[in-house]
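Okay, so here's the structure we're looking at.
The values are calculated or read from the model by the stated rules, or taken from the named source; none is laboratory data. Treat the numbers as computed from the prediction; the structure is a model and nothing was measured. Every residue, glycine as well, gets a Cβ built from its backbone with ideal geometry; the counts of neighbours run over all protein chains shown. Please note that ligands, DNA and RNA were not included when accessible areas were found on the heavy atoms of the full protein model with its side chains. Shrake-Rupley method; radii C 1.70, N 1.55, O 1.52, S 1.80 Å.
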Amino acid sequence: MGYMQLAAALLAALLQGTPPAPSGASPAPSPSPIASPTVAPALSAQPAAADHLYPGNVLRITIAGANGAVTAAIDNPIATWSVDQAAHVLTLTAGQTLGRATLTVTDATNQSITVPVRVGLDAGTIAAQSLSLRYTGNPVDQAWLQKTVQKALLQNVQSAPGANPQTSFALPSALAPGSIGAFDAQVQITGGDQYYPVNSVVNVNLQNVPTESFAPSLLLYDDDPEHITTEGVLYRGRVSPGQPARLYYYHDNNNQPHDLVVAFSAPAGSATVQLIDVSRGPNIDVMTVGHFVTRDFLVQKPANQGIIVTVDPQSPYVAERFPLTSLAGAAGTVDVRVVSGGPVDVTVLSVAPETPDASIPSLLAQAKLPGDGHHRTGVFNVAGYAHEALSYTVGGEDASLNYGLQSPPVVEPPEGRDFGEYGVWRTIDFTVNNATGQPATIYLYESPMGGPLRSSFVINGALPPIDVGCVRLSQRYQIGQPLTVQPGQSNIQLQTMTDGGSNYPLEVGLTVTPPIPSAPPITAPDGCFPKTQSSPSPASPTPAPEPTGR
């Protein structure tokens with residue numbers, strides 16, 4: 001058979017079907033179906049998580065789909081439990097330990113499910129859902145009002161230790177004196193695993209109360225004891241109706257943490273007071289604290305920007321509370337005027353960090369802590385004090401004065417003193433005579449005489465204040481820009497206050513000789529805190545000074 005014939009025969013054979021089974025033969029048996037294995041339903045828990053329990057809370061968790069006995073285990077022992085095996089219900093009891101854990105539930109077939117568990121506390125409480133804030137000022141700086149509203153909102157919050165309160169709001173348009181407004185503020189308190197966040201909307205009602213500006217006649221000076229070593233009253237003073245006063249306080253902390261509190265109380269019945277409060281801290285750099293107090297008070301006081309609060313005998317007003325760690329300091333200048341009612345007591349005290357505000361009223365009556373022997377405390381008469389007038393003739397002798405070494409007249413106690421004149425508002429009126437017939441350029445200057453200091457000055461009411469910088473050497477440093485005076489007579493007014501943490505006396509004057517135009521870097525050889533230079537080896541060239549941060 002040829003090749004082609006053979007291939008055709010093979011193809012024909014392949015195309016033929018399977019030959020039929022012989023007649024009478026039994027058909028081949030069909031294969032039996034394979035049985036599917038039985039799958040137990042997955043476990044489920046209701047509720048699926050126990051993530052918002054307070055200590056002592058009890059929660060019933062139903063386990064569905066369980067076969068046989070149910071057991072449980074937890075990776076962090078913050079809760080205990082019991083199991084109803086008939087109903088497959090697990091009763092979970094939160095313990096006193098705060099934190100997170102994972103509870104694993106297993107049945108007799110080794111099926112398991114995990115349930116997140118969290119035991120915690122609220123991050124704090126928000127006392128009132130509506131606040132009223134009465135303030136003064138014309139004009140009112142919106143940045144100041146923003147901070148003042150935020151402070152009022154935070155004073156309405158009692159936070160747990162370590163929790164973080166935050167606010168978010170938009171102020172309405174600026175209010176003229178006598179106007180009112182309202183808005184909603186979001187307040188949130190957050191924390192770590194120990195705390196549950198707290199959120200609330202607080203309605204804030206604003207009122208700009210029309211008031212006249214005032215000049216305090218008394219200075220209540222508090223700097224003794226300067227260093228806080230224990231809890232107790234650091235200072236106590238009284239502001240009477242019709243006699244406004246200024247409180248100036250300055251303290252730094254020793255080793256153990258303390259809270260510095262400034263509180264106002266009404267010993268003879270309800271009273272309403274206006275407070276122009278500029279306080280700063282805590283900060284370990286006490287010169288910066290003192291400088292910011294002066295700088296901001298020079299802005300806030302002329303605009304009469306303050307708040308009005310009502311003080312009851314049973315509920316003192318806590319104006320400030322600073323948590324002071326080791327060596328941190330705080331200071332403040334607070335003008336106080338009784339608007340209505342009887343006298344108001346101001347108390348500066350040190351309390352333990354965990355002391356709640358509700359406990360402060362009972363602490364105000366404590367005996368005053370002993371002083372440190374420096375007698376930097378007392379009541380002083382500042383009515384008309386520190387308002388000087390100087391004459392200067394172009395081409396003649398410089399006009400200057402020194403301040404910060406003397407003390408204002410003491411009212412009580414006799415041994416009290418305020419060397420440095422801290423808390424004193426100083427005004428210097430220069431009368432300039434220019435008989436040259438031509439415009440003349442003159443300069444305001446300062447010259448330190450007692451060591452490192454910082455200063456803020458207001459020239460002819462222009463804001464913001466001029467910051468000269470930190471200076472130390474007894475050299476003349478320029479205050480602001482050169483001044484041009486026309487022929488004839490003109491006036492220049494300089495306003496300033498001494499800074500807490502700075503060293504005095506200070507010379508201020510007017511001259512035609514150009515002073516040093518700016519303060520040196522703080523660590524330069526002629527700076528406030530010069531960098532120590534190491535002695536070079538004989539083979540090495542002398543390195544140039546390289547100032548670094550303080």
Among (1) in contact (Cβ under 8 Å) with a residue 60 or more places away in the chain; (2) closer than 25 Å to residue 301 by Cβ; (3) open to solvent by 30 Å² or more (accessible area, probe 1.4 Å); (4) of a type outside the set (D, E, K, R), the one test that residue 512 misses: (2)
Per-region count, region 60-75, residues loosely packed, with under 14 Cβ neighbours inside 10 Å and in a loop (DSSP other than H, G, I, E, B): 3
Options 266, 328, 303, 352; residue that is within 22 Å of residue 378 (Cα to Cα), of a type in the set (Gly, Ala, Ser) and in contact (Cβ under 8 Å) with a residue 12 or more places away in the chain: 266
Single residue of region 152-193 satisfying the filter (without any contact (Cβ under 8 Å) to a residue 24 or more places away in the chain and not in a strand (DSSP E or B)) that is most open to solvent (accessible area, probe 1.4 Å): 173
Flag if residue 226 is of a type in the set (Asp, Glu), surrounded by 14 or more Cβ atoms within 10 Å (Cβ to Cβ), within 25 Å of the chain's Cα centre (by Cα) and within 22 Å of residue 410 (Cβ to Cβ): yes
From 412, 397, residue being surrounded by fewer than 18 Cβ atoms within 10 Å (Cβ to Cβ) and closer than 29 Å to residue 217 by Cβ: 412
Some residue of region 90-108 being part of a strand (DSSP E or B) and of a type in the set (Lys, Arg): yes
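Results for (1) surrounded by fewer than 22 Cβ atoms within 10 Å (Cβ to Cβ); (2) more than 22 Å from the chain's Cα centre (by Cα); (3) outside any strand (DSSP E or B), shown as yes or no for each residue.
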site: 239; (1), (2), (3): no, yes, no
site: 272; (1), (2), (3): yes, yes, no
site: 288; (1), (2), (3): yes, no, yes
site: 293; (1), (2), (3): no, no, yes
site: 299; (1), (2), (3): yes, no, yes
site: 310; (1), (2), (3): yes, yes, no
Counted residues, region 415-452 - those being under 40 Å from the mean Cα position of the chain (by Cα) and either β-branched (Val, Ile, Thr) or closer than 25 Å to residue 334 by Cβ (or both): 14
Restricting region 453-466 to residues that are within 21 Å of residue 512 (Cα to Cα) and under 30 Å from the mean Cα position of the chain (by Cα), the residue that is most open to solvent (accessible area, probe 1.4 Å): 466
